[in-house]
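The values are calculated or read from the model by the stated rules, or taken from the named source; none is laboratory data. Just so you know, these numbers come straight off a predicted model, no measurement behind them. Cβ: placed from backbone, ideal geometry, glycine included. Neighbour counts: every protein chain shown.
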Amino acid sequence: MNLRTVLATVLVVLLLVGAGVWFWRSYERVEETIELPRSGEAASNPLYVLKLALIKDGAKVKTRQRLLPDEHVLGARDTVLLLRDPRSLSPSDSQALLRFVGAGGHLIVRTPPPGELSASSEIPLLGALGVKFFPQRPVECVAMYVEKQDSHVEFCQGRRFLLMERAATPLHAWGAYETGYVFARLPQGRGSVDVIADLDFAVNAAGDEHAEAINDVPHLALVRQLLAPNYRAGTIHLIYAADMPSLWKLLFLRSWMAWAPLLLALLLWLWLRMQRFGPLLPAPASERRSLLEHIVASGEHAYRYGYGHLLHAAVRQAFLLRLRRRDPHAAALEGEPQAALLAERFKLAPADIRDALATPLARDHAAFRSRIATLIRLRNSL
């Protein structure tokens, strides 16, 4: 190892050591917490945090997207919180819920979200309870006060309702006839039904800014009061509607890095393959005669100018070539032996075979046609 190599090695080592010392003195290792997007039930169940809080408090909780009364039997002291739009309930499910409440159950149902709504009779469950909807108004919140907490507002986007004369006298109500109710607890048989304008305070996935709305103290107090009638006396059934975006929307928003280049490649390929339109060209001239007409005309021309022996020779040669392939023994013979053998095979007179193989006289039209026809017939018979 020469001196130049040693110096270069020492210089590289010093540079690496200096870079390492500068890095460790200049940078500081810190821990950073990054919140990952929700997955599984936490992403699809808006009542997931409420479910965990109730389980931690010792309550029995079941969550699902549909009521399914045949698969999940409701007990006499159970509670059903229906986050789904009540318009999605079938008449049979509505009847099952009313029977469940009459036997001692507790039902919490929201009014439909803001939007077009023709009549309350379209909702069997609320119609049976004597609930009709208050005319939709601009945003109008309700003040809520919790001890040792700042003032709070709720039901800003909820649909208010009224109680018809045939409705039961509410045990508790929040609102007035003139402005509409946002909450009413109606007795039904041995149970009760809570009709409420909105349940956004109980969800955990209304948006990133409200992801932990259920953890607010006023919201917790309101949820606890809603669940009070049968709390811990039976199972709490949380029925929600999974609000999942469509597959096409997810692909459009999150997979553009894949489909955008593919779309550009497809458009480029179509552009390369598309037909280029130039000036109009005249149509190619079509042939005035068919191939068969040309052959007939050529044969007639040759025969007219005294070349009939060439036409006969060509037909005879075609017959002999096929005879050589099909019967080599007969093709190898000549003269009378060949004529006798062919006459025996084709059931003809030997003289006809000899005439057909012999060249006709010039201008003997009958003999030419007869010999050509005989040779073609013999060739086709092989």
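When the residues of the range 218-269 are narrowed to those that are assigned to a loop (DSSP other than H, G, I, E, B) and without any contact (Cβ under 8 Å) to a residue 60 or more places away in the chain, which ends up nearest to E147 (Cα to Cα)?
The residue in question is A228.
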- line: With criteria (1) at pLDDT below 80; (2) not in a helix (DSSP H, G or I), E293 comes up short on (2)
- prompt: What number of residues within the range 123-175 are of a type in the set (F, W, Y) and in a strand (DSSP E or B)?
  reply: 3
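Identify all residues within the range 59-82 that are of a type in the set (D, E, K, R) and without any contact (Cβ under 8 Å) to a residue 60 or more places away in the chain; write none if there are none.
The initial filter retains those residues of the range 59-82 that are of a type in the set (D, E, K, R), namely 60, 62, 64, 66, 70-71, 77-78.
Residues satisfying the conditions are D70, E71.
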task: Could you grab me the full set of residues in the range 22-56 that are in a loop (DSSP other than H, G, I, E, B), among the aliphatic types (A, V, I, L, M) and under 28 Å from the mean Cα position of the chain (by Cα)?
output: L36
message: Take the conditions assigned to a loop (DSSP other than H, G, I, E, B) and more than 44 Å from the chain's Cα centre (by Cα) and apply them to P279. Does it pass?
response: no
- prompt: Somewhere in the range 44-62, is a residue among the acidic types (D, E), surrounded by fewer than 10 Cβ atoms within 10 Å (Cβ to Cβ) and over 19 Å from V109 (Cβ atoms)?
  reply: no
task: Find the residue count for the range 57-80, including only residues that are outside any loop (DSSP other than H, G, I, E, B) and of a type outside the set (A, V, I, L, M, F, W, C).
output: 5
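In the range 263-276, which residue that is surrounded by 10 or more Cβ atoms within 10 Å (Cβ to Cβ) and among the aliphatic types (A, V, I, L, M) is nearest to the chain's Cα centre (by Cα)?
Filtering first and then ranking leaves L263.
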- prompt: If you take the residues of the range 350-374 that are more than 14 Å from H309 (Cα to Cα) and of a type in the set (A, V, I, L, M, F, W, C), which of them is farthest from the chain's Cα centre (by Cα)?
  reply: A351
- request: Search the range 81-107 for residues being at pLDDT 90 or above and assigned to a loop (DSSP other than H, G, I, E, B), and hand back the single one that is surrounded by the fewest Cβ atoms within 10 Å (Cβ to Cβ).
  value: A103
